[in-house]
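One structure is given here, and the rest of the page talks about it.
All of the numbers you see were taken from the coordinates with simple rules; none came from a lab. Just so we're clear, the structure is a prediction, and the values are computed from it rather than from any experiment. Cβ: placed from backbone, ideal geometry, glycine included. Neighbour counts: every protein chain shown.
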Amino acid sequence: MKVLILGGTIFLGRHIVTAALHAGHEVTTFNRGSKSLEEQNRVEKLIADRRDDLSVLTGKKWDAVIDTCGYEPQEVEKSAAALKNSVDNYTFISSISVYKGFPVKGMDETARVKSIEDGDEAEYGSLKVGCEREVEKAFGDKALIIRPGLIVGPYDPTDRFTYWPTRVSKGGRVAAPGDPEKNIQFIDVRDLANWTVKLVETRSKGVFNATGPKEPLTMHQFLNECNAAVGNIAQFVWLRDEQILAAGVAPWIDMPLWIPESDEEHRYFQHMDCTKAQKTGLTYSPLAATIRDTLKWDMKRDREKERKAGLKPEKEKVLLDLFGQ
């Protein structure tokens, strides 16, 4: 197949490029050219800014397009219109953030989504809903919408998962959040990429949630797995929700993967039903492999560069001094 990838150089996009090449497909990337790929000599590169100029797409044909970086509905509308007669299928990478709250466990693809009409014009999830609508408007039953949860693994620019294996690898007392038995969810970027390419190959359509793992995973199990990967050198100090909040620690960013029980809107954000995706072949890498490979990648990064998520050492010390007795 000839596959066009919008984006393709930062995180999920670069892994989709790798997955598509490994599957034997011809790959073209369309992006601003600000980042390079290890496989850059094996792909056709179209350089432009989708916000301004789509003329480089004119007169070309592909079997499918995978849009990994659509964020503004107006931009997606333009790219869908430009590609309507150039590709057979349009795959859009959306997000589970499109859902209007997470009040119950096990929400599937039929759950209510947000609406720009509700007044959430600038909110991430609402924008993704708008993007989905533009793809479906242009491509109808040739549209494939994938709604991932937290995507993790090598090259993750958000640091939301990476914080934990890296922090645990430093050993000592580690501030751990909330109920140890609380469920968490995420998906290895390579699993998501490989499955996305398979869906494109089979010309799948419709909407799919995509997170993991297949079996329930608790924060306690996850941190223990991180600890095992580095030789069990950390001691976890479990702090209650109210203690963490009292110290001014922000859920999800300061303390990745933690959502306090008091947050009713997002209480079951990490309880999504992905049965539909699993029935189409979504499989999961061993958790230990995801942790090991993420840690290995992170160790190669600039240690002086500030991370985008996770507790700063001084803030963790305050927490432990206050409540870690």
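Karplus-based coupling profile of the range 174-185, in residue order and whole Hz: 10, 5, 10, x, x, 6, x, 9, 6, 6, 10, 9, with θ = phi - 60° in 6.51 cos²θ - 1.76 cosθ + 1.60 and x standing for Gly or Pro. Spin-label model, Glu123 to Gln221: label points 7 Å out along the Cα-to-beta-carbon direction sit 3.1 nm apart. Take the Cα of Asp63, step 7 Å toward its Cβ, do the same at Asn85, and the gap between the two points is 2.3 nm.
Relative to its Kirkwood radius, the Cα radius of gyration of the range 2-148 gives an Rg/Rh of 0.98.
Under a Gaussian network description of the chain, with springs only between Cα atoms under 10 Å, the residue in Lys315, Lys279, Lys128 that fluctuates furthest is Lys279. One equal scatterer on each Cα of the chain, no solvent, Debye formula: the resulting log10 I(q)/I(0) at q = 0.07, 0.09, 0.12 Å⁻¹ is -0.30, -0.49, -0.86. Would you please give the FRET efficiency between Asp302 and Glu26, computed as 1/(1 + (r/R0)^6) with r the Cβ-Cβ distance and R0 = 41 Å, to the nearest 0.05? The computed FRET efficiency comes out at 0.75.
Only helical DSSP H runs with n ≥ 4 go in: add -39500 (n - 2.57) per run for the chain, normalise by residue count and round the 222 nm mean residue ellipticity to 500 deg cm²/dmol. Display every interim value, and only then the final one.
Values: 10 runs with 103 residues, N = 325.
The helix contribution divided over the chain gives -9500 deg cm²/dmol.
Sorting the segments 2-8, 77-83 by their mean number of nearby beta carbons within 10 angstrom, highest to lowest, gives 2-8, 77-83.
Between Val237 and Leu322, the modelled label-to-label distance comes to 1.2 nm, taking each label 7 Å out from Cα in the direction of the beta carbon.
Between 0 and 90 degrees, rounded to the nearest ten: what's the tilt of helix 287-298 against the longest Cα principal axis of the chain? It is inclined by approximately 80 degrees. Annotation: the residues Tyr268, Tyr90, sorted from fewest to most other C-beta atoms within 10 Å of their own C-beta, follow the order Tyr268, Tyr90.
Only lysine pairs 8 or more places apart, or on different chains, with alpha-carbon atoms under 30 angstrom apart are counted in the range 87-176, and they number 11. With a Förster radius of 35 Å applied to the C-beta separation of Arg173 and Lys2, the computed FRET efficiency comes to 0.05. DSSP assigns beta bridges within the range 2-148; of those with both partners inside it, close to 5 percent run antiparallel.
With both residues required to sit in the chain, DSSP beta bridges show an antiparallel share near 5%. Each Lys and Arg adds +1 at its Cβ and each Asp and Glu adds -1 at its Cβ; summed about the Cα centre, the range 2-148 shows a dipole of about 300 debye.
Protection proxy ranking of 104-110, 149-155, by the mean of other Cβ atoms within 10 Å over each peptide's residues and highest first, is 149-155, 104-110.
Compute the long axis of helix 12-22 from its Cα atoms, compare it with the longest principal axis of the Cα atoms of the chain, and write down the angle in degrees, 0 to 90, nearest 10. Taking the Cα atoms of the chain, the angle to 12-22 is about 60 degrees.
Normalised radius of gyration for the range 212-325, please: alpha carbon Rg relative to 2.2 N^0.38 Å, two decimal places.
It is 1.22.
Over the range 141-270, what number does the Rg to Rh ratio reach, with both radii from the alpha-carbon atoms and Rh per Kirkwood? Rg/Rh for the range 141-270 comes to 1.03.
Counting Lys and Arg as +1 and Asp and Glu as -1 over every other residue whose Cβ lies under 12 Å from the Cβ of Asp273, the net charge comes to +3. Largest mean-square fluctuation among Ser95, Ser34, Ser169, in a Gaussian network model of the chain whose springs join Cα atoms under 10 Å apart, belongs to Ser34.
For the residues Met272, Met299, Met219, a GNM of the chain with alpha-carbon springs under 10 Å puts the largest fluctuation on Met299. Taking the longest Cα principal axis of the chain as reference, the axis of helix 189-201 is set at about 20 degrees.
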